[in-house]
1. When you go through (1) without any contact (Cβ under 8 Å) to a residue 60 or more places away in the chain; (2) more than 17 Å from the chain's Cα centre (by Cα) one by one for residue 133, which number turns out not to apply?
2. State which residue pairs qualify: first residue within 17 Å of residue 133 (Cα to Cα) and inside segment 106-117, second residue at pLDDT 90 or above in any location, beta carbons under 6 Å apart, and separation of 6 or more residues or different chains.
3. Take residue 145 and tell me if it is at pLDDT 90 or above, under 21 Å from the mean Cα position of the chain (by Cα), farther than 17 Å from residue 54 by Cβ and not in a helix (DSSP H, G or I).
4. Within segment 74-86, can one find any residue that is under 17 Å from residue 148 (Cα atoms) and at pLDDT below 80?
5. Given the options 60, 115, 88, 51, name the one that is under 20 Å from residue 162 (Cα atoms) and assigned to a helix (DSSP H, G or I).
6. Determine whether segment 97-111 contains at least one residue that is more than 20 Å from the chain's Cα centre (by Cα), exposed (fewer than 13 other Cβ atoms within 10 Å of the Cβ) and more than 17 Å from residue 151 (Cβ to Cβ).
7. Only one of (1) under 28 Å from residue 47 (Cβ atoms); (2) surrounded by 15 or more Cβ atoms within 10 Å (Cβ to Cβ); (3) touching a helix residue (DSSP H, G or I) at 6+ places or on another chain (Cβ under 6 Å) fails for residue 93. Which number is that?
8. Give segment 120-142 a look and list any residue that's surrounded by 13 or more Cβ atoms within 10 Å (Cβ to Cβ) and either touching a strand residue (DSSP E or B) at 6+ places or on another chain (Cβ under 6 Å) or part of a loop (DSSP other than H, G, I, E, B) (or both), or say none.
């Protein structure tokens with residue numbers, strides 16, 4: 001039920017303002033958790049998990065092709081290549097159940113970016129000299145920026161030197 005407030009005499013407009021009801025915090029928390037599980041967050045997590053599982057399999061199936069693509073990246077972009085190689089290792093460890101402290105959304109983003117880089121259906125075809133891999137590098141770079149925090153946590157888990165990657 002809404003209470004009407006703030007009638008404007010000049011225009012005759014009415015604005016609806018919902019009544020505030022006090023609830024105890026445990027009731028609010030349970031409602032928020034239910035909303036998260038069934039609402040947008042739950043949908044996002046379920047979708048990311050479904051895509052992540054699909055991408056894990058595809059990335060691992062095309063691992064050598066991904067590595068070949070990464071080896072063609074110029075030396076000045078070596079840290080990007082190192083990060084992408086780290087993602088391949090992360091996906092291996094995730095699938096083998098050695099490392100699971102990463103959200104499904106990060107798996108989906110990373111897997112999707114790596115698959116895009118080896119996909120023949122690029123925005124800019126790879127056979128074009130000098131600019132053919134520009135979109136691949138851009139997509140991988142953006143994805144790695146999005147999952148940077150997760151990659152740093154994985155580096156800590158593996159005991160790797162972060163200066164080689166960031």
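1. (1)
2. Every condition considered, the pairs that remain are 113/139; 113/140; 113/143; 116/139; 117/140.
3. Details: at pLDDT 90 or above: yes; under 21 Å from the mean Cα position of the chain (by Cα): yes; farther than 17 Å from residue 54 by Cβ: yes; not in a helix (DSSP H, G or I): no.
Considered against the rule, which asks whether it is at pLDDT 90 or above, under 21 Å from the mean Cα position of the chain (by Cα), farther than 17 Å from residue 54 by Cβ and not in a helix (DSSP H, G or I), residue 145 comes out as no.
4. yes
5. On the way: 60 fails: under 20 Å from residue 162 (Cα atoms); 115 fails: under 20 Å from residue 162 (Cα atoms); 51 fails: under 20 Å from residue 162 (Cα atoms).
Being under 20 Å from residue 162 (Cα atoms) and assigned to a helix (DSSP H, G or I) holds for just one of 60, 115, 88, 51, which is 88.
6. Among the residues of segment 97-111, not one is more than 20 Å from the chain's Cα centre (by Cα), exposed (fewer than 13 other Cβ atoms within 10 Å of the Cβ) and more than 17 Å from residue 151 (Cβ to Cβ), which makes the answer no.
7. (3)
8. 122, 124, 126, 132, 133
The values are calculated or read from the model by the stated rules, or taken from the named source; none is laboratory data. Note that the structure is a prediction, hence the values are computed from the model and not measured. In this analysis, Cβ positions are derived from the backbone assuming ideal geometry, glycine residues included, and neighbour counts consider all displayed protein chains.
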